[in-house]
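Enquirer: My questions will all concern the structure given below.
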Amino acid sequence: MKVGVVGSGLDGSTAAYALVMRGVGREVVLVDKNAARAEAEADDIRHAVPFAHPLEVRAGGYEALAGCRAVVLCAGVGQKPGENRLQLLRRNDQVFREVVPAVLAHAPEATLVVATNPVDVMTHLTARYATKSGVPNGRVFGSGTTLDTARFRTLVGAYCGVDPHHVHGYVIGEHGDSEVLTWSLVTIGGIPLKEFARRRPRRTGGRRLTSADRAAMTNLDELPPVGTKIVATVGPASRALAILRRLIEAGVDVFRLNFSHGTHEEHSAVLADIRAVSREAGRHVGVLQDLCGPKMRLGPIPGDLVECPLDEEFTLATERASDSPRELTCSYRELPNDLKPCEAVLFADGTVAMTVTDTARGRARLRVTLPGRLRSRQGLNLPGSELAVPSLTEKDLRDLDWTARHAGDVQFVG
(Lines give C-alpha, C1' and ligand atoms only; values in the text may rest on other atoms or scores of the structure.)
Protein backbone atom coordinates (compact mmCIF):
# COMPACT_ATOMS: atom_id res chain seq x y z
CA MET A 1 0.00 0.00 0.00
CA LYS A 2 1.20 3.51 -0.82
CA VAL A 3 0.63 6.29 1.74
CA GLY A 4 1.15 10.01 1.21
CA VAL A 5 1.90 12.66 3.84
CA VAL A 6 1.26 16.28 2.85
CA GLY A 7 3.14 18.70 5.06
CA SER A 8 6.54 17.64 6.39
CA GLY A 9 6.69 19.77 9.52
CA LEU A 10 6.72 18.26 13.01
CA ASP A 11 3.34 16.54 12.64
CA GLY A 12 3.92 15.31 9.10
CA SER A 13 7.44 13.99 9.67
CA THR A 14 6.31 12.27 12.89
CA ALA A 15 3.40 10.65 11.03
CA ALA A 16 5.77 9.36 8.34
CA TYR A 17 8.20 8.08 10.98
CA ALA A 18 5.37 6.26 12.77
CA LEU A 19 4.28 4.62 9.49
CA VAL A 20 7.81 3.29 8.98
CA MET A 21 8.27 2.08 12.56
CA ARG A 22 4.90 0.28 12.53
CA GLY A 23 5.35 -1.11 9.03
CA VAL A 24 2.22 0.47 7.56
CA GLY A 25 2.26 0.15 3.77
CA ARG A 26 5.20 -0.39 1.46
CA GLU A 27 5.80 3.16 0.22
CA VAL A 28 5.60 6.53 1.98
CA VAL A 29 5.72 9.80 0.02
CA LEU A 30 6.29 13.19 1.67
CA VAL A 31 4.97 16.30 -0.08
CA ASP A 32 5.63 19.84 1.09
CA LYS A 33 5.59 23.36 -0.33
CA ASN A 34 9.20 23.48 0.90
CA ALA A 35 10.60 20.71 -1.30
CA ALA A 36 14.01 20.83 0.40
CA ARG A 37 12.40 20.24 3.81
CA ALA A 38 10.46 17.25 2.45
CA GLU A 39 13.66 15.78 0.94
CA ALA A 40 15.57 16.20 4.21
CA GLU A 41 12.83 14.60 6.32
CA ALA A 42 12.44 11.72 3.84
CA ASP A 43 16.22 11.08 3.96
CA ASP A 44 16.27 11.02 7.78
CA ILE A 45 13.32 8.63 8.00
CA ARG A 46 14.65 6.40 5.21
CA HIS A 47 17.83 5.91 7.23
CA ALA A 48 15.72 4.23 9.96
CA VAL A 49 14.39 1.59 7.54
CA PRO A 50 17.22 -0.95 8.20
CA PHE A 51 16.10 -1.09 11.85
CA ALA A 52 12.36 -1.04 11.15
CA HIS A 53 10.32 -2.40 8.25
CA PRO A 54 11.05 -2.70 4.53
CA LEU A 55 9.45 0.47 3.17
CA GLU A 56 10.43 2.92 0.48
CA VAL A 57 10.46 6.52 1.73
CA ARG A 58 10.80 9.42 -0.69
CA ALA A 59 9.77 13.02 -1.31
CA GLY A 60 8.03 14.50 -4.32
CA GLY A 61 5.35 16.81 -5.65
CA TYR A 62 1.62 16.21 -5.74
CA GLU A 63 2.08 14.00 -8.80
CA ALA A 64 4.06 11.58 -6.59
CA LEU A 65 0.80 10.85 -4.72
CA ALA A 66 -0.60 8.93 -7.70
CA GLY A 67 -1.75 5.50 -6.55
CA CYS A 68 -1.92 6.39 -2.83
CA ARG A 69 -4.57 4.49 -0.87
CA ALA A 70 -4.38 7.00 2.00
CA VAL A 71 -3.08 10.56 2.35
CA VAL A 72 -2.42 12.17 5.74
CA LEU A 73 -3.00 15.94 5.63
CA CYS A 74 -0.66 17.78 8.01
CA ALA A 75 -0.25 20.91 5.88
CA GLY A 76 -1.02 24.29 7.37
CA VAL A 77 0.31 27.08 9.51
CA GLY A 78 1.01 27.04 13.24
CA GLN A 79 -0.93 29.07 15.78
CA LYS A 80 0.75 32.39 16.51
CA PRO A 81 1.02 33.80 20.06
CA GLY A 82 -2.24 35.59 20.85
CA GLU A 83 -4.01 34.15 17.80
CA ASN A 84 -7.39 32.59 18.48
CA ARG A 85 -8.67 29.39 16.87
CA LEU A 86 -10.97 31.30 14.50
CA GLN A 87 -8.04 33.27 13.09
CA LEU A 88 -6.03 30.06 12.73
CA LEU A 89 -8.99 28.45 10.99
CA ARG A 90 -9.17 31.21 8.39
CA ARG A 91 -5.49 30.86 7.51
CA ASN A 92 -5.54 27.06 7.32
CA ASP A 93 -8.77 27.11 5.33
CA GLN A 94 -6.92 29.06 2.63
CA VAL A 95 -4.22 26.38 2.63
CA PHE A 96 -6.71 23.51 2.31
CA ARG A 97 -8.62 25.20 -0.52
CA GLU A 98 -5.49 24.55 -2.60
CA VAL A 99 -4.18 21.34 -1.01
CA VAL A 100 -7.30 19.13 -1.07
CA PRO A 101 -8.12 19.54 -4.80
CA ALA A 102 -4.41 19.11 -5.66
CA VAL A 103 -4.20 15.85 -3.69
CA LEU A 104 -7.40 14.42 -5.17
CA ALA A 105 -6.39 15.40 -8.71
CA HIS A 106 -3.52 12.89 -8.47
CA ALA A 107 -4.94 10.43 -5.89
CA PRO A 108 -8.72 10.36 -6.53
CA GLU A 109 -9.16 6.98 -4.80
CA ALA A 110 -7.32 7.94 -1.61
CA THR A 111 -8.82 8.12 1.87
CA LEU A 112 -7.95 11.46 3.50
CA VAL A 113 -6.87 11.65 7.14
CA VAL A 114 -6.81 15.20 8.56
CA ALA A 115 -4.42 16.18 11.36
CA THR A 116 -4.24 19.97 10.84
CA ASN A 117 -5.69 22.18 13.58
CA PRO A 118 -8.38 23.06 14.41
CA VAL A 119 -8.78 19.44 13.35
CA ASP A 120 -12.54 18.95 13.72
CA VAL A 121 -13.48 21.99 11.66
CA MET A 122 -10.69 21.32 9.16
CA THR A 123 -12.06 17.79 8.69
CA HIS A 124 -15.51 19.22 7.95
CA LEU A 125 -14.02 21.66 5.42
CA THR A 126 -11.95 18.88 3.82
CA ALA A 127 -15.11 16.80 3.38
CA ARG A 128 -16.77 19.76 1.66
CA TYR A 129 -13.83 20.34 -0.71
CA ALA A 130 -13.59 16.60 -1.38
CA THR A 131 -17.27 16.47 -2.34
CA LYS A 132 -16.71 19.30 -4.83
CA SER A 133 -13.93 17.16 -6.36
CA GLY A 134 -16.33 14.23 -6.73
CA VAL A 135 -15.07 12.27 -3.71
CA PRO A 136 -17.64 11.05 -1.11
CA ASN A 137 -17.23 12.69 2.29
CA GLY A 138 -17.23 9.20 3.80
CA ARG A 139 -13.59 8.93 2.70
CA VAL A 140 -12.51 11.84 4.92
CA PHE A 141 -11.46 11.22 8.53
CA GLY A 142 -10.03 13.44 11.27
CA SER A 143 -7.66 12.49 14.05
CA GLY A 144 -10.14 14.05 16.48
CA THR A 145 -9.27 13.42 20.13
CA THR A 146 -7.08 10.34 19.53
CA LEU A 147 -3.95 12.14 20.71
CA ASP A 148 -5.80 13.60 23.70
CA THR A 149 -7.00 10.12 24.66
CA ALA A 150 -3.44 8.78 24.49
CA ARG A 151 -2.19 11.62 26.72
CA PHE A 152 -5.07 11.09 29.13
CA ARG A 153 -4.31 7.38 29.55
CA THR A 154 -0.57 8.01 29.90
CA LEU A 155 -1.01 10.65 32.63
CA VAL A 156 -3.58 8.58 34.57
CA GLY A 157 -1.29 5.55 34.35
CA ALA A 158 1.72 7.55 35.57
CA TYR A 159 -0.24 8.94 38.52
CA CYS A 160 -1.61 5.53 39.51
CA GLY A 161 1.66 3.70 38.92
CA VAL A 162 0.42 1.34 36.20
CA ASP A 163 1.28 0.70 32.56
CA PRO A 164 -0.94 2.98 30.42
CA HIS A 165 -1.77 -0.03 28.23
CA HIS A 166 -4.01 -1.15 31.12
CA VAL A 167 -5.77 2.23 31.37
CA HIS A 168 -8.98 2.58 29.38
CA GLY A 169 -10.65 5.95 29.12
CA TYR A 170 -11.55 8.44 26.44
CA VAL A 171 -11.43 12.13 25.67
CA ILE A 172 -14.49 13.04 23.61
CA GLY A 173 -15.94 16.11 21.94
CA GLU A 174 -13.99 18.65 19.93
CA HIS A 175 -10.20 18.58 20.09
CA GLY A 176 -9.10 21.63 22.10
CA ASP A 177 -10.49 23.71 24.94
CA SER A 178 -14.00 22.22 24.83
CA GLU A 179 -13.03 18.52 24.90
CA VAL A 180 -14.44 16.36 27.71
CA LEU A 181 -12.50 13.87 29.85
CA THR A 182 -14.87 10.97 30.60
CA TRP A 183 -13.73 10.27 34.16
CA SER A 184 -16.76 8.14 34.99
CA LEU A 185 -15.80 5.64 32.25
CA VAL A 186 -12.11 5.25 33.15
CA THR A 187 -11.04 1.73 34.11
CA ILE A 188 -7.66 0.26 35.05
CA GLY A 189 -7.35 -3.43 34.29
CA GLY A 190 -11.13 -3.56 34.02
CA ILE A 191 -11.63 -1.95 37.47
CA PRO A 192 -13.40 1.45 37.61
CA LEU A 193 -10.94 4.21 38.53
CA LYS A 194 -12.74 5.13 41.76
CA GLU A 195 -12.70 1.50 42.89
CA PHE A 196 -9.04 1.13 41.87
CA ALA A 197 -8.10 4.19 43.95
CA ARG A 198 -9.89 2.69 46.95
CA ARG A 199 -8.28 -0.73 46.58
CA ARG A 200 -4.78 0.49 45.81
CA PRO A 201 -4.24 3.83 47.54
CA ARG A 202 -1.09 5.47 46.22
CA ARG A 203 -1.75 9.16 46.59
CA THR A 204 -5.41 9.26 47.59
CA GLY A 205 -5.07 7.36 50.85
CA GLY A 206 -8.03 5.20 49.91
CA ARG A 207 -10.42 8.14 50.01
CA ARG A 208 -12.79 9.22 47.27
CA LEU A 209 -11.10 10.82 44.27
CA THR A 210 -11.39 14.61 44.31
CA SER A 211 -11.07 17.27 41.62
CA ALA A 212 -7.59 17.96 42.97
CA ASP A 213 -6.60 14.31 42.38
CA ARG A 214 -7.94 14.45 38.84
CA ALA A 215 -6.17 17.73 38.18
CA ALA A 216 -2.92 16.23 39.45
CA MET A 217 -3.33 13.21 37.16
CA THR A 218 -3.67 15.36 34.08
CA ASN A 219 -1.52 18.33 35.09
CA LEU A 220 -4.50 20.64 34.80
CA ASP A 221 -5.44 23.37 37.24
CA GLU A 222 -9.10 22.52 37.16
CA LEU A 223 -11.41 19.98 35.56
CA PRO A 224 -13.44 19.91 33.48
CA PRO A 225 -11.70 22.45 31.18
CA VAL A 226 -13.04 25.99 31.24
CA GLY A 227 -14.73 25.61 27.84
CA THR A 228 -16.65 22.47 28.82
CA LYS A 229 -20.33 22.57 29.79
CA ILE A 230 -22.51 19.61 30.72
CA VAL A 231 -25.90 19.50 28.95
CA ALA A 232 -28.62 17.11 30.11
CA THR A 233 -31.86 16.41 28.26
CA VAL A 234 -35.01 16.46 30.37
CA GLY A 235 -37.39 13.71 29.33
CA PRO A 236 -39.98 11.43 30.92
CA ALA A 237 -37.27 9.50 32.80
CA SER A 238 -35.53 12.59 34.21
CA ARG A 239 -38.21 15.22 34.86
CA ALA A 240 -38.92 14.27 38.49
CA LEU A 241 -37.74 16.85 41.05
CA ALA A 242 -35.47 14.34 42.80
CA ILE A 243 -33.67 13.51 39.55
CA LEU A 244 -33.32 17.18 38.59
CA ARG A 245 -31.68 17.80 41.98
CA ARG A 246 -29.26 14.90 41.46
CA LEU A 247 -28.35 16.17 37.98
CA ILE A 248 -27.56 19.65 39.31
CA GLU A 249 -25.50 18.15 42.14
CA ALA A 250 -23.60 16.09 39.51
CA GLY A 251 -22.59 19.31 37.74
CA VAL A 252 -25.14 19.88 34.97
CA ASP A 253 -24.80 23.40 33.52
CA VAL A 254 -27.65 23.40 31.00
CA PHE A 255 -30.94 21.50 30.75
CA ARG A 256 -32.21 20.76 27.22
CA LEU A 257 -35.92 20.79 26.48
CA ASN A 258 -36.71 18.77 23.37
CA PHE A 259 -39.58 20.44 21.52
CA SER A 260 -39.96 17.51 19.15
CA HIS A 261 -42.05 16.02 21.95
CA GLY A 262 -44.41 17.33 24.60
CA THR A 263 -46.87 20.22 24.85
CA HIS A 264 -46.23 23.83 25.84
CA GLU A 265 -47.98 23.17 29.15
CA GLU A 266 -45.67 20.23 29.89
CA HIS A 267 -42.56 22.25 29.02
CA SER A 268 -43.77 25.14 31.20
CA ALA A 269 -44.15 22.77 34.15
CA VAL A 270 -40.66 21.32 33.64
CA LEU A 271 -39.19 24.83 33.33
CA ALA A 272 -40.81 25.87 36.62
CA ASP A 273 -39.38 22.76 38.32
CA ILE A 274 -35.88 23.49 36.95
CA ARG A 275 -35.99 27.04 38.25
CA ALA A 276 -37.24 25.87 41.67
CA VAL A 277 -34.52 23.24 42.02
CA SER A 278 -31.90 25.69 40.73
CA ARG A 279 -32.83 28.26 43.39
CA GLU A 280 -32.86 25.54 46.02
CA ALA A 281 -29.30 24.50 45.03
CA GLY A 282 -28.11 28.10 44.99
CA ARG A 283 -26.72 27.72 41.47
CA HIS A 284 -28.03 29.09 38.18
CA VAL A 285 -28.59 26.46 35.49
CA GLY A 286 -29.22 27.41 31.87
CA VAL A 287 -32.08 26.10 29.75
CA LEU A 288 -31.74 25.20 26.08
CA GLN A 289 -34.79 25.03 23.84
CA ASP A 290 -34.16 22.52 21.03
CA LEU A 291 -36.55 23.27 18.19
CA CYS A 292 -37.92 20.46 16.07
CA GLY A 293 -36.98 21.95 12.70
CA PRO A 294 -38.04 20.44 9.38
CA LYS A 295 -38.52 16.70 9.70
CA MET A 296 -37.95 14.53 6.65
CA ARG A 297 -39.27 11.00 6.66
CA LEU A 298 -39.52 8.18 4.16
CA GLY A 299 -42.86 7.62 2.52
CA PRO A 300 -44.64 4.25 2.62
CA ILE A 301 -42.50 1.29 1.49
CA PRO A 302 -44.29 -1.65 -0.17
CA GLY A 303 -44.27 -4.42 2.41
CA ASP A 304 -43.22 -1.78 5.02
CA LEU A 305 -39.64 -3.16 5.03
CA VAL A 306 -36.73 -3.31 2.58
CA GLU A 307 -33.24 -4.78 2.98
CA CYS A 308 -30.36 -2.54 1.88
CA PRO A 309 -27.31 -4.67 0.94
CA LEU A 310 -23.92 -3.01 0.47
CA ASP A 311 -23.40 -1.35 -2.96
CA GLU A 312 -27.00 -2.00 -4.06
CA GLU A 313 -28.77 0.84 -5.89
CA PHE A 314 -31.95 2.62 -4.81
CA THR A 315 -33.95 5.47 -6.31
CA LEU A 316 -35.34 8.45 -4.39
CA ALA A 317 -38.22 9.97 -6.35
CA THR A 318 -40.66 12.85 -5.98
CA GLU A 319 -43.46 10.43 -6.89
CA ARG A 320 -43.60 6.64 -6.82
CA ALA A 321 -43.61 5.19 -10.34
CA SER A 322 -43.53 1.48 -9.44
CA ASP A 323 -44.25 -0.98 -6.63
CA SER A 324 -40.54 -1.73 -6.08
CA PRO A 325 -39.48 -1.29 -2.44
CA ARG A 326 -36.18 0.09 -3.79
CA GLU A 327 -37.96 3.17 -5.06
CA LEU A 328 -38.16 5.52 -2.10
CA THR A 329 -40.15 8.69 -1.54
CA CYS A 330 -39.82 11.40 1.10
CA SER A 331 -42.18 13.67 3.03
CA TYR A 332 -40.15 16.58 1.59
CA ARG A 333 -41.21 16.05 -2.01
CA GLU A 334 -38.47 18.17 -3.64
CA LEU A 335 -35.57 16.36 -1.95
CA PRO A 336 -34.45 14.47 -5.12
CA ASN A 337 -34.12 17.83 -6.90
CA ASP A 338 -31.96 19.30 -4.10
CA LEU A 339 -29.45 16.44 -3.94
CA LYS A 340 -26.11 16.47 -5.75
CA PRO A 341 -23.73 13.62 -6.71
CA CYS A 342 -21.40 12.41 -3.93
CA GLU A 343 -23.62 13.77 -1.15
CA ALA A 344 -24.46 11.43 1.72
CA VAL A 345 -27.99 10.51 2.78
CA LEU A 346 -28.42 8.96 6.24
CA PHE A 347 -31.53 6.97 7.16
CA ALA A 348 -32.96 5.71 10.44
CA ASP A 349 -30.64 7.65 12.77
CA GLY A 350 -27.61 6.81 10.64
CA THR A 351 -28.05 3.04 10.75
CA VAL A 352 -28.29 3.00 6.94
CA ALA A 353 -26.24 5.28 4.68
CA MET A 354 -26.28 5.88 0.94
CA THR A 355 -24.35 8.11 -1.46
CA VAL A 356 -25.90 10.00 -4.37
CA THR A 357 -24.44 8.66 -7.62
CA ASP A 358 -26.60 10.47 -10.18
CA THR A 359 -29.52 12.91 -10.37
CA ALA A 360 -32.22 13.81 -12.87
CA ARG A 361 -35.33 15.92 -12.58
CA GLY A 362 -37.52 14.33 -9.93
CA ARG A 363 -35.18 11.39 -9.27
CA ALA A 364 -31.87 10.67 -7.55
CA ARG A 365 -29.97 7.42 -7.77
CA LEU A 366 -28.37 6.21 -4.50
CA ARG A 367 -25.80 3.53 -3.68
CA VAL A 368 -25.75 1.81 -0.27
CA THR A 369 -22.54 2.52 1.69
CA LEU A 370 -23.73 1.32 5.11
CA PRO A 371 -26.04 -1.71 4.81
CA GLY A 372 -29.11 -2.32 6.94
CA ARG A 373 -32.87 -2.30 6.62
CA LEU A 374 -35.41 0.50 6.18
CA ARG A 375 -39.03 0.79 7.23
CA SER A 376 -41.79 3.14 6.19
CA ARG A 377 -41.74 6.63 7.72
CA GLN A 378 -38.22 6.41 9.16
CA GLY A 379 -36.24 9.65 9.31
CA LEU A 380 -33.62 11.07 6.93
CA ASN A 381 -30.60 13.27 7.60
CA LEU A 382 -28.45 15.04 5.02
CA PRO A 383 -25.12 16.24 6.46
CA GLY A 384 -23.56 18.94 4.30
CA SER A 385 -26.42 19.24 1.79
CA GLU A 386 -28.00 22.57 0.89
CA LEU A 387 -31.80 22.26 0.80
CA ALA A 388 -34.51 24.65 -0.32
CA VAL A 389 -36.75 23.66 2.61
CA PRO A 390 -37.23 26.49 5.19
CA SER A 391 -35.17 25.99 8.35
CA LEU A 392 -38.06 27.10 10.59
CA THR A 393 -41.44 25.40 10.40
CA GLU A 394 -44.83 26.74 11.53
CA LYS A 395 -44.45 24.61 14.66
CA ASP A 396 -41.03 26.16 15.34
CA LEU A 397 -42.53 29.65 15.13
CA ARG A 398 -45.26 28.69 17.63
CA ASP A 399 -42.58 27.22 19.92
CA LEU A 400 -40.59 30.47 19.65
CA ASP A 401 -43.69 32.36 20.80
CA TRP A 402 -43.60 30.14 23.90
CA THR A 403 -39.92 31.08 24.36
CA ALA A 404 -40.75 34.78 24.13
CA ARG A 405 -43.20 34.36 27.01
CA HIS A 406 -40.39 32.79 29.08
CA ALA A 407 -37.58 35.06 27.87
CA GLY A 408 -36.03 35.40 31.32
CA ASP A 409 -35.83 31.67 31.87
CA VAL A 410 -34.66 30.26 28.51
CA GLN A 411 -31.11 31.26 27.58
CA PHE A 412 -30.41 29.21 24.42
CA VAL A 413 -32.37 28.22 21.33
CA GLY A 414 -31.13 25.61 18.88
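The values are calculated or read from the model by the stated rules, or taken from the named source; none is laboratory data. All values derive from a computational prediction rather than experimental measurement. Here the Cβ is made from the backbone with ideal geometry for all residues, glycine too, and neighbour counts use every protein chain on show. The area values use the complete protein model at the heavy-atom level, side chains included, leaving out ligands, DNA and RNA. Shrake-Rupley method; radii C 1.70, N 1.55, O 1.52, S 1.80 Å.
Enquirer: Within segment 101-120, track down each residue that is of a type in the set (Val, Ile, Thr) and within 16 Å of SER8 (Cα to Cα). Break it down stepwise before answering.
Expert: Quick first cut of segment 101-120, residues of a type in the set (Val, Ile, Thr) only: 103, 111, 113-114, 116, 119.
Correct list: VAL103, VAL113, VAL114, THR116.
Enquirer: Among the residues of segment 102-125, what is the count of those that are within 19 Å of GLU63 (Cβ to Cβ) and buried (at least 20 other Cβ atoms within 10 Å of the Cβ)?
Expert: Total satisfying the criteria: 5.
Enquirer: Now for a different question. Looking at segment 1-29, which of the residues that are charged (D, E, K, R) and not in a strand (DSSP E or B) is nearest to GLY76 (Cα to Cα)?
Expert: From segment 1-29, those charged (D, E, K, R) are 2, 11, 22, 26-27; that's our starting set.
Narrowing the set further to residues that are not in a strand (DSSP E or B) leaves 11, 22, 26.
Working: ASP11: 10, ARG22: 25, ARG26: 26 Å.
Across segment 1-29, the extreme among qualifying residues is ASP11.
Enquirer: Further, regarding this structure: Take residues that are out of contact with any strand residue (DSSP E or B) (no Cβ under 9 Å at 6 or more places or on another chain), closer than 27 Å to VAL140 by Cα and not charged (D, E, K, R) and tell me which of the strands (runs of 3 or more DSSP E) falling wholly in segment 293-409 contain 1 or more.
Expert: Working: elements: 305-308, 313-317, 344-347, 352-360, 363-370, 372-375.
Fully inside segment 293-409 and qualifying: 352-360.
Enquirer: OK, next. Taking the options ALA38, ALA66, ALA42, ALA48, name whichever one is of a type in the set (Gly, Ala, Ser), surrounded by 14 or more Cβ atoms within 10 Å (Cβ to Cβ) and touching a Lys or Arg at 6+ places or on another chain (Cβ under 8 Å).
Expert: On the way: ALA38 fails: touching a Lys or Arg at 6+ places or on another chain (Cβ under 8 Å); ALA66 fails: touching a Lys or Arg at 6+ places or on another chain (Cβ under 8 Å); ALA48 fails: touching a Lys or Arg at 6+ places or on another chain (Cβ under 8 Å).
Matching residue, one of ALA38, ALA66, ALA42, ALA48: ALA42.
Enquirer: Of the conditions (1) of a type outside the set (A, V, I, L, M, F, W, C); (2) surrounded by 16 or more Cβ atoms within 10 Å (Cβ to Cβ); (3) in contact with an Asp or Glu (Cβ under 9 Å, 6 or more places away or on another chain); (4) touching a residue at least 60 places away in the same chain (Cβ under 8 Å), ASP290 fails just one. Which one is it?
Expert: Looking at each condition in turn, ASP290 falls short on (3).
Enquirer: So for segment 80-93 (the condition being more than 20 Å from the chain's Cα centre (by Cα), surrounded by 15 or more Cβ atoms within 10 Å (Cβ to Cβ) and aliphatic (A, V, I, L, M)), does at least one residue qualify?
Expert: Among the residues of segment 80-93, not one is more than 20 Å from the chain's Cα centre (by Cα), surrounded by 15 or more Cβ atoms within 10 Å (Cβ to Cβ) and aliphatic (A, V, I, L, M), which makes the answer no.
Enquirer: Okay, moving on. Go through the residues of segment 393-400 one by one and say whether even a single one is surrounded by 15 or more Cβ atoms within 10 Å (Cβ to Cβ) and touching a Pro at 6+ places or on another chain (Cβ under 7 Å).
Expert: Yes - at least one qualifying residue is present in segment 393-400.
Enquirer: Check GLY205, GLY189 and return the single one that is open to solvent by 50 Å² or more (accessible area, probe 1.4 Å) and modelled with pLDDT under 70.
Expert: Criteria check complete, one pass: GLY205.
Enquirer: Then there's this: Hey, among VAL99, VAL72, which residue is in a strand (DSSP E or B), touching a Leu at 6+ places or on another chain (Cβ under 9 Å) and either at pLDDT 90 or above or crowded, with 16+ Cβ neighbours inside 10 Å (or both)?
Expert: On the way: VAL99 fails: in a strand (DSSP E or B).
Result: VAL72 is the single residue among VAL99, VAL72 that is in a strand (DSSP E or B), touching a Leu at 6+ places or on another chain (Cβ under 9 Å) and either at pLDDT 90 or above or crowded, with 16+ Cβ neighbours inside 10 Å (or both).
Enquirer: Still on this structure, please answer the following. Filter segment 263-284 down to the residues that are in a loop (DSSP other than H, G, I, E, B) and at pLDDT below 90, then identify the one that is farthest from the chain's Cα centre (by Cα). If you could, list the steps in order and put the result at the bottom.
Expert: First pass over segment 263-284, keeping only residues in a loop (DSSP other than H, G, I, E, B): 263, 282-284.
This time we only want the ones that are at pLDDT below 90, so: 282-284.
On the way: GLY282: 35, ARG283: 31, HIS284: 30 Å.
Applying the filter and picking the extreme gives GLY282.
Enquirer: So how many residues does segment 316-353 have that are open to solvent by less than 50 Å² (accessible area, probe 1.4 Å) and acidic (Asp, Glu)?
Expert: Of the residues in that region, 3 qualify.
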